[in-house]
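J.: Pasting a structure below so you can have a look.
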Amino acid sequence: METLDGISTGRIDRLFAGIEAFVDPAFDGWTRTVFSPSYRAERSWMTEEFILAGLEDVRVDDFGNIVGILPGRYSDAKPIVIGSHTDTVERGGRFDGIVGVLGALEVAQRIKESGSVLNRPLMVIDFFGEEANPFGLTCLGSRALAGSLTVTDLERVSPEGKRLGDAMQSFGLDPSRAVSGKHPAQGSWHAYLELHIEQSSTLDQTGCNIGVVSAIAGIKRLVGRYMGQYDHAGGARMKTRKDALLAAASSALALHEFACGSPEYAVATTTHIDSLQLAQNVVPGRSELRAELRSTDSAWFGAIEKDLALRLSMRAAEFGCELDVEWFLDNEITHTDATLQETIAAASTSLGLTWTAVPSGATHDSVHMTGIAPMGMIFIPSIDGRSHCPEEFTPKKDILNGIAVLEKSVRLVDESRP
Ligand code: GLV
Ligand code: MN
Ligand code: MN
C-alpha cells in the first residue's frame, strides 16, 4: 500500500512488527532498556535491517552506534546524517526514537530506489543507549561519538554498584575505545536531521502536522543526601525527630513548587526518594533524593543551583536534617540551526503539510551532534502528548508525514553542491 508521497506502508509495517518482537516481558509496554538482553538481540536484528535497506559499510562504531552509508555522487563530500535511537525506558512506548531510525531506513531505501543519487553520502545511525539509565547519563552513543564521554563517566556507579565501563564491556563494547575512538571533527558533517515524536501535546492539540524544533531543553540533575537521626519509631516523640525521609519528601514538593512558579517553560521531576533502610520501626536517619529540572529559558536554567540552595536547605532544616546536594549538568539548552528550521518548514509546505515551531522538553541524540554539524529536528504528533509509557501513540499517517518531510529535507539540504 502506498500513501503520502508514495511511501510504502508495507515496508514500515514490517519494520515495526520486527522491532516489537524485541521487548522485555518483565515489564508492561515495549521495554528495551540499554544493556538488556532484548536490546542486544534487537541490535543484531537492526544491523541486518541496515544491510537489507541497501546501506553500505554497515558496522557498530567505536561508540556502540549502528552506522550505515548510502554513497553519494561525491564520495569525499561531507555527509548528511539522519537517525535516532531504539532503546526505551522501562514501560516505554513503541515510537520514541524508533520512528527516527525506522524512518531513516525508509528514507535511505526510497532515495536509493528513486535512482536519483544524492550529491553527498547519506549516513544512517541508530545511536547506542539514548535513554536515562541507572548510571545517570543519557545519550551514551551520541555523547561518545561527539567526544564528550569521559574516563570519569566510565567510573559512574549504578545503585546496584556496577561501573558504567563494566556494563559496556559486558555488553560487548570496548569502553576505552568509546572514550578515545575516532570522533568526527567539528563541522565535518554537512547536516544532522532527526525525526522524532513530539512527546508533548502542542501538535495533537492544534492539529498541526509537523513540529519544527526550535530549541531543546537543558537538563540538570541532582542527588540530595539528607542526614538526620535514626530513632525508635515507637519511642521517639514527634517533636524531637530528625526524619531524613520527610526532609526529602518536603524537598520534592519544593522542587515542584519552584518549577510551577516559573513564568517560562520549566519542569522539575523527583524520580527517587530512598530511606536507605528496610526496617519499618526505625525513624529514617538518612535519605537520598534524585531529581531533574529542565527548561529552555536560559536565565531560569542558569540560576537553578543558586535559586534552590536556600529553599532545599530550609526544607531539610525544618526536619532537623543536614543536606548535601550534588549537581550534574546533563546537557545545556540547545538551539537548532535556523537554516535547517527553514528547510524543514519548506519541505512540510511543499508536501501540503502544516507546521509550527515547537520547543522540545525531551532531550535527544541531536543535542550532541551540534558541534559536528548544523542540527535540525522534525516532530510528529504524540496523541494526548503521552510518552515514556505504554500508551505512547502516533498514528500511521503522521509517521508517513514525518518520513516524507525527512526525505524532502534531506533532498533540499543535498541540493547545495559540495
Ligand atoms: C529522553 O527521552 C529524555 O528526554 O530524557
Ligand atoms: Mn527519544
Ligand atoms: Mn525517551
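J.: How about segment 136-157: which of its residues are within 16 Å of ligand 3 (Cβ to nearest atom), open to solvent by 10 Å² or more (accessible area, probe 1.4 Å) and farther than 29 Å from Gly72 by Cβ? Don't jump to the end; show me each part of the working.
T.: Applying the first criterion (within 16 Å of ligand 3 (Cβ to nearest atom)) to segment 136-157 yields 136-143.
Those still in the list that are open to solvent by 10 Å² or more (accessible area, probe 1.4 Å) too: 136, 143.
The one that is within 16 Å of ligand 3 (Cβ to nearest atom), open to solvent by 10 Å² or more (accessible area, probe 1.4 Å) and farther than 29 Å from Gly72 by Cβ: Gly136.
J.: Still on this structure, I have one more. Quick check on segment 342-351. Is at least one of its residues in contact with a Leu (Cβ under 8 Å, 6 or more places away or on another chain), buried (at least 19 other Cβ atoms within 10 Å of the Cβ), among the polar types (S, T, N, Q) and over 29 Å from Gly29 (Cβ atoms)?
T.: The answer is yes, given that some residue of segment 342-351 is in contact with a Leu (Cβ under 8 Å, 6 or more places away or on another chain), buried (at least 19 other Cβ atoms within 10 Å of the Cβ), among the polar types (S, T, N, Q) and over 29 Å from Gly29 (Cβ atoms).
Conditions (1) closer than 30 Å to Asp231 by Cα; (2) open to solvent by 50 Å² or more (accessible area, probe 1.4 Å); (3) polar (S, T, N, Q), marked per residue:
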| residue | (1), (2), (3) |
| --- | --- |
| Ala259 | no, no, no |
| Thr271 | yes, yes, yes |
| Leu276 | yes, yes, no |
| Val283 | yes, no, no |
| Leu289 | yes, no, no |
| Leu293 | no, no, no |
| Ser298 | no, yes, yes |
| Phe301 | no, no, no |
| Glu305 | no, yes, no |
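J.: Here's a follow-up. Looking at segment 45-61, which of its residues are over 16 Å from Val107 (Cα atoms) and either in a loop (DSSP other than H, G, I, E, B) or in contact with a Leu (Cβ under 7 Å, 6 or more places away or on another chain) (or both)?
T.: The answer is Asp61, and nothing else.
J.: Just a yes or no: is a residue in segment 112-130 touching a strand residue (DSSP E or B) at 6+ places or on another chain (Cβ under 6 Å) and within 13 Å of ligand 3 (Cβ to nearest atom)?
T.: Yes, some residue in segment 112-130 is touching a strand residue (DSSP E or B) at 6+ places or on another chain (Cβ under 6 Å) and within 13 Å of ligand 3 (Cβ to nearest atom).
J.: So which residues in segment 9-52 are touching a strand residue (DSSP E or B) at 6+ places or on another chain (Cβ under 7 Å) and in contact (Cβ under 8 Å) with a residue 60 or more places away in the chain?
T.: Arg43, Met46, Phe50
J.: Can you find, within segment 158-200, the residue that is least open to solvent (accessible area, probe 1.4 Å) among those that are within 16 Å of ligand 3 (Cβ to nearest atom) and assigned to a loop (DSSP other than H, G, I, E, B)?
T.: Filtering segment 158-200 for residues that are within 16 Å of ligand 3 (Cβ to nearest atom) and assigned to a loop (DSSP other than H, G, I, E, B), the one least open to solvent (accessible area, probe 1.4 Å) comes out as Glu198.
J.: I've got another one for you. Only one of (1) farther than 30 Å from Ala291 by Cβ; (2) touching an Asp or Glu at 6+ places or on another chain (Cβ under 8 Å); (3) of a type in the set (A, V, I, L, M) is not met by Ala346, so which one is it?
T.: (2)
J.: Would it be correct to say that Phe393 is in a loop (DSSP other than H, G, I, E, B), hydrophobic (A, V, I, L, M, F, W, C) and either in contact with a Pro (Cβ under 7 Å, 6 or more places away or on another chain) or closer than 21 Å to Phe95 by Cα (or both)? Before you say what the answer is, go through the steps one by one.
T.: Numbers: in a loop (DSSP other than H, G, I, E, B): yes; hydrophobic (A, V, I, L, M, F, W, C): yes; either in contact with a Pro (Cβ under 7 Å, 6 or more places away or on another chain) or closer than 21 Å to Phe95 by Cα (or both): yes.
Spelling it out, Phe393 is indeed in a loop (DSSP other than H, G, I, E, B), hydrophobic (A, V, I, L, M, F, W, C) and either in contact with a Pro (Cβ under 7 Å, 6 or more places away or on another chain) or closer than 21 Å to Phe95 by Cα (or both).
Table: residues versus (1) open to solvent by 30 Å² or more (accessible area, probe 1.4 Å); (2) within 16 Å of ligand 3 (Cβ to nearest atom).
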| site | (1), (2) |
| --- | --- |
| Ser44 | yes, no |
| Gly54 | no, no |
| Arg59 | yes, no |
| Ala77 | no, no |
| Ile82 | no, no |
| Val99 | no, yes |
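J.: Here's a follow-up. So Phe319 clears everything in (1) more than 16 Å from ligand 1 (Cβ to nearest atom); (2) more than 30 Å from Ser287 (Cα to Cα); (3) in contact with an Asp or Glu (Cβ under 6 Å, 6 or more places away or on another chain); (4) not hydroxyl-bearing (Ser, Thr, Tyr) except one condition, right? Which one?
T.: (2)
J.: Right, another one. Looking only at segment 200-213, filter to residues that are out of contact with any helix residue (DSSP H, G or I) (no Cβ under 7 Å at 6 or more places or on another chain) and more than 17 Å from Lys397 (Cα to Cα); which one of those is farthest from ligand 2 (Cβ to nearest atom)?
T.: Let us first name the residues in segment 200-213 that are out of contact with any helix residue (DSSP H, G or I) (no Cβ under 7 Å at 6 or more places or on another chain), namely 202-203, 205-208, 213.
Among the residues that remain, those that are also more than 17 Å from Lys397 (Cα to Cα) are: 202, 213.
Values: Thr202: 17, Val213: 12 Å.
Here the residue is Thr202.
J.: Let me ask another. Is it the case that Glu326 is open to solvent by 50 Å² or more (accessible area, probe 1.4 Å), of a type in the set (Asp, Glu) and touching a helix residue (DSSP H, G or I) at 6+ places or on another chain (Cβ under 7 Å)? Reasoning before the result, please.
T.: Working: open to solvent by 50 Å² or more (accessible area, probe 1.4 Å): yes; of a type in the set (Asp, Glu): yes; touching a helix residue (DSSP H, G or I) at 6+ places or on another chain (Cβ under 7 Å): no.
Here the answer is no, as Glu326 does not meet what is asked.
J.: Give the number of residues within segment 256-279 that are outside any strand (DSSP E or B) and either modelled with pLDDT under 95 or closer than 18 Å to Ser298 by Cα (or both). Please lay out each step first, then the result.
T.: Residues of segment 256-279 outside any strand (DSSP E or B): 256-265, 275-279.
After this cut, where a residue has to be either modelled with pLDDT under 95 or closer than 18 Å to Ser298 by Cα (or both) as well, the list is 258-265, 276-279.
Going through segment 256-279 one residue at a time, the tally reaches 12.
J.: Can we say Gly64 is open to solvent by less than 40 Å² (accessible area, probe 1.4 Å), part of a loop (DSSP other than H, G, I, E, B), touching a Gly at 6+ places or on another chain (Cβ under 9 Å) and touching a residue at least 12 places away in the same chain (Cβ under 8 Å)?
T.: Details: open to solvent by less than 40 Å² (accessible area, probe 1.4 Å): yes; part of a loop (DSSP other than H, G, I, E, B): yes; touching a Gly at 6+ places or on another chain (Cβ under 9 Å): yes; touching a residue at least 12 places away in the same chain (Cβ under 8 Å): yes.
Yes: the conditions hold for Gly64.
J.: Can you confirm whether segment 367-376 contains a residue that is touching a strand residue (DSSP E or B) at 6+ places or on another chain (Cβ under 7 Å), open to solvent by 10 Å² or more (accessible area, probe 1.4 Å) and part of a helix (DSSP H, G or I)?
T.: Checking segment 367-376: at least one residue is touching a strand residue (DSSP E or B) at 6+ places or on another chain (Cβ under 7 Å), open to solvent by 10 Å² or more (accessible area, probe 1.4 Å) and part of a helix (DSSP H, G or I).
The values are calculated or read from the model by the stated rules, or taken from the named source; none is laboratory data. Note that the coordinates shown come from a computational prediction; the quantities given were computed from them, not determined experimentally. Counting neighbours? That spans all protein chains shown, and the Cβs are built from the backbone with ideal geometry, glycine included. Quick note on the areas: whole protein, heavy atoms, side chains included, nothing else; ligands and nucleic acids left out. Shrake-Rupley method; radii C 1.70, N 1.55, O 1.52, S 1.80 Å.
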